[in-house]
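Student: Would you mind keeping the following structure in view while I ask a few things?
The values are calculated or read from the model by the stated rules, or taken from the named source; none is laboratory data. As the structure is a prediction and not an experimental result, all values here were calculated from the model. FYI the Cβ positions are ideal-geometry reconstructions off the backbone, even for glycines, and counts take in every protein chain you see. Areas reflect the complete protein model, heavy atoms only, side chains present, ligands, DNA and RNA absent. Shrake-Rupley method; radii C 1.70, N 1.55, O 1.52, S 1.80 Å.
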Amino acid sequence: MTIFVTGGAGFIGSNFIFHMLKTHPDYRIVCIDKLTYAGNLSTLSSVMDAPNFRFVKLDICDRAGIFALFEEEKPDVVVNFAAESHVDRSIENPSVFLETNILGTSVLLDACRTYGISRYHQVSTDEVYGDLPLNRPDLFFTEETPLHTSSPYSASKASADLLVLAYHRTYGLPVTISRCSNNYGPYHFPEKLIPLMIINTLANKPLPVYGTGENVRDWLYVEDHCRAIDLILHNGRIGEIYNVGGHNEMRNIDIVKLILKELGKSESLITFVADRKGHDMRYAIDPTKIHTELGWLPETKFQDGLKKTIEWYLTNRDWWEEIVSGEYQNYYQKMYGDRK
Ligand code: NAD
Ligand code: TYD
């Protein structure tokens, strides 16, 4: 069994590769990644020499390159993680989100149609459902919740989902889609909330909380997400969407306070800054379908997962110090420099 994992040098894709190589040592994994600012080859160093692993630096929008690789490797399964993934960047520059997230997906789908595969899995997000109001804790996203996107990022992910479903209906392509809530864990790029706050805390830098910090996200430890995708690949029904989340809603401000407490630093580091444009209020997944159909349940409690994540950033300073000392400096200055 050969599995193409696109975007495998990023946060979730790399964790998925580690999970699959450990759980299914007889599978062959081919990682395809363009190595954008968010992709790191060093992340994959522990598996680079494994005999059943191959890394190919390639843009999923490169039709000729992707078709040539399908011709050569004849994959059985494709799992598409490759994406521009940061909402704030999508607000600054939407076009690359449309290219990678929509057109890149269409290239992969065309290659699957041409060469034939037993499964194409699209890694999507709960952000395609838009947001929920804070005063309706009874509401959750189900697979039937209408798409109602807010940011260029979520609009591009929803577009990709629709294309995937269209290729299933029109061409009979054997697809599945997972829509997961916010992930956290090792190798999370430091532009995202949890790693950014850990790294700023360690440097005694201000912690920029958008708006009032009351926005709610539903956090899942990355390994639990990887297990869910593994289960969907093996037991999920073709043509189906599975929401993935562990009923772990947290306000941003409470997460930031937890990180400060864990690292023994003062809450005076918290700085409220201008809100994100179009900022979604609350995400909350109803995971009933994946639980009842596939028996999936999250295994890592948030308190434990956060501790493990902080520990990982403490013991893997080389990984993130390399990142934050480079182009990230310009990014940080641009996004936060005079944000009031
Ligand atoms: P990430 O930004 O950490 O990694 C993205 C990876 O894709 C990087 O390695 C990057 O180099 C690669 N990539 C980008 N454009 C590419 C292209 N054109 N061709 C080939 N490779 C390309 O993202 P992540 O957080 O690991 O997210 C992975 C997927 O999971 C995305 O599709 C995202 O929408 C989805 N998702 C993420 C979360 C989350 O909380 N992070 C939650 C739900 C769903
Ligand atoms: P993020 O990690 O970017 O994920 P997403 O927007 O996809 O949910 O942000 C999580 C939440 O944290 C979101 O409500 C925005 C907020 N946030 C801040 O308050 N400050 C920050 O510096 C960042 C990066 C995010």
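Student: Looking for something open to solvent by 10 Å² or more (accessible area, probe 1.4 Å), among the basic types (Lys, Arg), touching a residue at least 24 places away in the same chain (Cβ under 8 Å) and assigned to a loop (DSSP other than H, G, I, E, B) - is there at least one such residue anywhere in region 41-56?
Tutor: Scanning region 41-56, I find no residue that is open to solvent by 10 Å² or more (accessible area, probe 1.4 Å), among the basic types (Lys, Arg), touching a residue at least 24 places away in the same chain (Cβ under 8 Å) and assigned to a loop (DSSP other than H, G, I, E, B), so the answer is no.
Student: Could you list, in sequence order, all residues of region 195-220 that are within 11 Å of ligand 1 (Cβ to nearest atom) and open to solvent by 10 Å² or more (accessible area, probe 1.4 Å)? Steps first, answer last, please.
Tutor: Initial filter on region 195-220 (within 11 Å of ligand 1 (Cβ to nearest atom)): 195, 217-220.
Those that are within 11 Å of ligand 1 (Cβ to nearest atom) and open to solvent by 10 Å² or more (accessible area, probe 1.4 Å): 217, 219.
Student: Check region 165-179 and report whether any residue there is open to solvent by 30 Å² or more (accessible area, probe 1.4 Å), within 16 Å of ligand 2 (Cβ to nearest atom), modelled with pLDDT of 95 or more and on the phi > 0 side of the Ramachandran plot.
Tutor: no
Student: Can you name every residue in region 13-40 that is small (Gly, Ala, Ser) and either open to solvent by 10 Å² or more (accessible area, probe 1.4 Å) or assigned to a strand (DSSP E or B) (or both)?
Tutor: Kept after step one, since they are small (Gly, Ala, Ser), are these residues of region 13-40: 13-14, 38-39.
The answer is 38, 39.
Student: With a cut-off of at least 1 residues that are away from ligand 1 (no atom under 11 Å from the Cβ) and farther than 22 Å from residue 233 by Cα, name the helices (runs of 4 or more DSSP H) lying wholly within region 73-188.
Tutor: Ranges flagged: 87-92, 152-171.
Student: Taking only region 106-124 into account, find how many residues are polar (S, T, N, Q) and buried (at least 23 other Cβ atoms within 10 Å of the Cβ).
Tutor: 2
Student: So which residues in region 89-105 are open to solvent by less than 20 Å² (accessible area, probe 1.4 Å) and in contact with a helix residue (DSSP H, G or I) (Cβ under 6 Å, 6 or more places away or on another chain)?
Tutor: 90, 97, 101, 105
Student: Spot the failing condition for residue 227; the list is (1) within 16 Å of ligand 2 (Cβ to nearest atom); (2) in contact with a Phe, Trp or Tyr (Cβ under 8 Å, 6 or more places away or on another chain), and only one is missed.
Tutor: (1)
Student: Tally time: how many residues in region 62-75 are surrounded by fewer than 17 Cβ atoms within 10 Å (Cβ to Cβ) and within 23 Å of the chain's Cα centre (by Cα)?
Tutor: 1
Student: With the requirement that a residue be open to solvent by less than 20 Å² (accessible area, probe 1.4 Å) and not β-branched (Val, Ile, Thr), what does region 253-270 give you?
Tutor: Selection gives 260 alone.
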